[in-house]
Structure formats: structure tokens, C-alpha cells
Amino acid sequence: MSLLENKNILIMGVSNKWSIAWGIAKACSREGANLIFTYEGERTERSVKQLLSSEMPDAKLYKCNVTDDMDILRLFDDIKNDIGTLHGVVHSLAFAKKEELEGNFSETSRDGYLLAQNISSYSLVAVSRYAKNLMTEGGGIITLTYIGGERAVPNYNVMGVAKAALESAVRYLAAELGKNNIRVNSISAGPIKTISARGVSNFTNMLKQYEGKVPLGRTVTQEEVGNTAAFLLSDLSQAITGENIHVDAGYHILGL
Ligand code: NAD
Ligand code: IMJ
């Protein structure tokens with residue numbers, strides 16, 4: 001069964017083959033979607049171009065740094081001219097200053113707080129504003145979050161507050177865009193070793209502890225998040241909107 005045949009899906013947040021967005025891209029591609037990718041800028045351009053040329057040579061690629069309104073405007077203008085209609089958007093990006101992902105949360109700077117909100121939360125609002133105009137046949141918007149948006153997880157700090165805002169933005173967007181038959185949902189993924197997790201102190205140890213505690217007794221993979229994303233972007237999830245699905249091997253049900 002091909003869930004996403006003839007659907008044009010925009011994927012934001014691939015920087016290398018370990019990215020969660022790449023797991024989503026592979027699942028969507030397997031289900032027959034036409035994929036459009038964005039990369040952040042010079043830092044990621046080469047690795048994304050290499051990955052696409054070897055694995056998905058037919059996919060389109062545009063630059064979009066989400067802190068730049070002109071980049072977002074240009075992206076959707078280009079997609080409108082080159083492709084036309086969009087059926088899905090994957091928002092899989094986040095950023096905070098490294099020094100604010102450790103130590104005391106109360107030391108978070110105004111600058112660092114606003115930066116984390118800007119890239120990790122506001123960007124979903126800005127992207128949805130332009131995407132909705134191209135989603136004339138309805139469709140799905142999804143974003144990636146983490147349990148640290150719901151609970152105080154050590155060191156997640158300013159990112160936790162940004163994820164809480166992101167999860168709330170999902171509900172407000174879902175409430176507004178339902179009339180356009182656009183569904184907006186998030187996936188709360190368990191910890192996965194990506195570039196964004198690599199810097200986290202003691203991450204490998206954390207994964208080991210996780211395996212010992214969670215109902216399924218293991219961590220989750222990019223592929224498993226990818227399959228849930230394909231479901232949320234497909235007609236199989238037609239009545240689901242404003243939802244946050246935990247793809248975390250059951251961690252969220254525990255009272256540790
Ligand atoms: P990743 O580093 O592969 O992806 C993060 C992406 O954000 C990168 O591709 C980067 O280029 C992009 N990005 C950062 N700043 C940007 C900007 N200004 N403009 C455009 N793009 C920008 O790491 P990942 O783990 O795949 O993260 C993807 C999403 O998944 C993030 O929202 C993250 O919070 C979330 N998440 C990750 C985990 C985990 O354990 N890895 C768990 C739950 C949720
Ligand atoms: C990130 C920081 C602290 C604890 C963390 C994480 N835990 C997990 C993550 C327990 C699982 C990974 N995660 C869910 C993220 O959303 C990561 C976001 C992130 C990571 C970095 C590292 C490098 C950098 N800035 C970052 N900004 C956001 O400079």
C-alpha cells in the first residue's frame with residue numbers, strides 16, 4: 001500500500017543521514033510521495049546535496065534559514081512556481097545556544113531565550129502561514145517535539161520552554177486551519193543519537209538508562225518516527241489534528 005502517492009511533501013530539517021527528518025523522508029519516499037527539501041545554509045549545504053544526489057536524485061532542494069522572513073517567503077514562492085500544490089510539511093528543526101543547554105535554567109539570557117523561541121517555535125507559525133496558501137487540497141503539517149516540553153528534563157532548559165510553546169502553537173494552528181482541511185500535529189520522539197543530541201552531556205549513558213526503564217525496553221529509531229510521520233501525513237489519520245503522538249517506547253506513561 002502506498003500511503004502518499006501523488007502527494008507533494010516539504011521536509012525541513014535534514015542536515016545529514018542521522019537527522020530525524022531523513023528518517024521521515026525515507027518513509028515518505030517509500031510511500032510514494034514527491035519530496036521537496038530545505039537546508040539551513042552553508043553549514044549544511046554540502047552534506048544535504050551529497051545525500052540527495054546519491055539517495056533521492058529527483059527531489060527538489062531549496063535554502064531556507066527560518067530566522068529570515070525573506071528566505072521563508074522566497075521558499076514558498078519558488079515552490080508555488082516550480083511545483084504548485086503542497087500536501088504536507090515536516091518541520092524538524094530546533095536550536096538553542098549550547099551553553100544554555102546545561103547549568104541553571106534561571107541563568108538563561110534574554111537573547112538565548114528569544115533565539116530558541118525564534119528558531120524552534122515561531123518558525124512553525126511562519127512556515128504554516130505561507131504553506132497554507134499552497135495546501136489548497138488540504139493536508140498535514142507536522143513538527144518534532146520532546147518530553148522536555150511537558151516535564152523538567154535535566155539540561156533541556158530553554159529548549160523545554162520552546163517545545164512547550166511549539167506544542168501550544170500546534171493546537172492554535174490546528175484550530176485555525178481545520179477549516180482548510182489542514183491537520184497540524186506533533187510527534188514527541190524519545191532520545192535519538194543525532195547531531196542535535198550528540199553534544200548532550202552523558203547522552204550515551206542516558207540512552208542506556210532509558211532502555212532499562214521504558215515499557216518496550218529499547219530506544220526508538222529515525223525509521224520508527226518516520227513511519228508515524230507518514231501516517232500523520234496520510235489519509236489514514238484523517239480525523240487527527242492538534243495531537244501530540246509520543247513515539248518514545250512508552251516513556252511518557254511512567255511516573256519515575
Ligand atoms: P538534527 O541536528 O539532524 O536536525 C536539526 C535541524 O535543525 C538541522 O537540520 C539544522 O540544520 C536545522 N536548523 C537549525 N537552525 C536552523 C535555522 N535557523 N533554519 C533552518 N534550519 C535550522 O537533529 P534532530 O535530532 O534530527 O532534530 C530534529 C528535531 O527533532 C528537532 O526539533 C529536535 O528538537 C527534535 N527531537 C530530537 C530528539 C533527539 O533525541 N534527537 C528527540 C525529540 C525531538
Ligand atoms: C538536548 C539538550 C539537553 C538535553 C537533551 C537534549 N536531551 C535530549 C536532547 C535529554 C534527548 C536532544 N533534543 C531532544 C533536542 O531537541 C536538541 C536540541 C538542540 C541541540 C543542540 C546541540 C548543539 C547546539 N544547539 C542545540 N540546540 C538544540 O549548539
Quarter of Cα convex hull surface for the range 109-179, i.e. mean projection, nm²: 5.0
Gaussian network model of the chain, Cα within-10 Å springs - most flexible of 196, 29, 92: 196
Rounded to whole Hz, the Karplus (6.51, -1.76, 1.60) HN-Hα couplings of the range 203-215, x for glycine and proline: 4, 4, 4, 4, 4, 4, 4, 4, 4, x, 9, 6, x
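In deg cm²/dmol and to the nearest 500, what is the mean residue ellipticity at 222 nm of the chain if only DSSP H runs of at least 4 residues count, each as -39500 (n - 2.57), divided by the residue total?
That calculation yields -13000 deg cm²/dmol at 222 nm.
Taking the square root of 5 times each eigenvalue of the Cα gyration tensor, what semi-axes in Å does the equivalent ellipsoid of the range 66-194 have, largest first?
Values: eigenvalues 164, 51, 27 Å².
They are 29, 16, 12 Å, listed from largest to smallest.
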Whole-Hz ³J(HN,Hα) from phi, Karplus 6.51 cos²θ - 1.76 cosθ + 1.60, for the range 235-243, glycine and proline x: 6, 5, 10, 3, 10, 9, 8, x, 9
From phi via Karplus (6.51, -1.76, 1.60), per-residue ³J(HN,Hα) for the range 63-77 in Hz, x at Gly/Pro: 8, 8, 8, 6, 7, 10, 4, 5, 4, 5, 4, 5, 4, 6, 5
Cβ-based charge dipole, the range 185-256, positive-most Cα from 207, 249, 228: 207
Cα-based convex hull volume of the chain per residue, rounded to whole Å³: 127
Pairwise centroid distance, computed over Cα atoms, of the range 169-245 with the range 92-142, Å: 15
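Bear in mind that the values in this text are calculations on the coordinates, not laboratory data. Quick caveat, the model's predicted, so the values are computed rather than measured. Reconstructed Cβ throughout: ideal geometry from the backbone, glycine too, with neighbour counts over all protein chains shown.
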